[in-house]
Amino acid sequence: MTDTKTYLRQLAQTRKDLEAFDPEAWNAFSALVQTTSKDGALPAKVKEIIMVALGVADHCQFCIAIHTKRAIEAGATRQEIMEGAMMAIAMGGGPSMAFMRYVIDACNEFGAE
């Protein structure tokens, strides 16, 4: 089992470090993420599930952790998260399948129903 909450703490520290290093660049990136993540033609919940799948496809434990947590907060169920994340396996094969471990652990740690 992975410690998903550790990834979130590390990601939060990285955000602080990057913001201190280059606030303008950080603010531009942050604004992009906030703008593209909000409700639109697709609800925020669906967008977070897509981000989980992208994290699996890109093999990014940090992305999987934060977006699984956000998907759950947006009302996504374990079934929705797992089905969405498994789409990455169709595109990424075995390596993406292996990264599903992080999705399963994040669902467990963050209490996905």
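Could you go through the range 73-92 and let me know if any residue there is of a type outside the set (D, E, K, R), out of contact with any Ser or Thr (no Cβ under 7 Å at 6 or more places or on another chain) and in contact (Cβ under 8 Å) with a residue 40 or more places away in the chain. No.
Of a type outside the set (S, T, Y) and either within 24 Å of K38 (Cβ to Cβ) or in a loop (DSSP other than H, G, I, E, B) (or both): does that describe R101? No, not satisfied. The requirement of being under 12 Å from the mean Cα position of the chain (by Cα) and either assigned to a helix (DSSP H, G or I) or loosely packed, with under 14 Cβ neighbours inside 10 Å (or both) is fulfilled somewhere in the range 9-21, by at least one residue. Look through E83, E73, E48 and report the one residue that is crowded, with 19+ Cβ neighbours inside 10 Å and at pLDDT 95 or above. The conditions single out E48.
Given the criterion part of a helix (DSSP H, G or I) and touching a helix residue (DSSP H, G or I) at 6+ places or on another chain (Cβ under 8 Å), identify the matching residue among V33, V52.
Details: V33 fails: touching a helix residue (DSSP H, G or I) at 6+ places or on another chain (Cβ under 8 Å).
Step by step, each of V33, V52 is checked, and only V52 is part of a helix (DSSP H, G or I) and touching a helix residue (DSSP H, G or I) at 6+ places or on another chain (Cβ under 8 Å).
The values are calculated or read from the model by the stated rules, or taken from the named source; none is laboratory data. Keep in mind that what you see is a predicted model, and the values were worked out from it rather than measured. Neighbour counts are summed over all protein chains in view; Cβ atoms, including those assigned to glycine, are modelled from backbone coordinates with ideal geometry.
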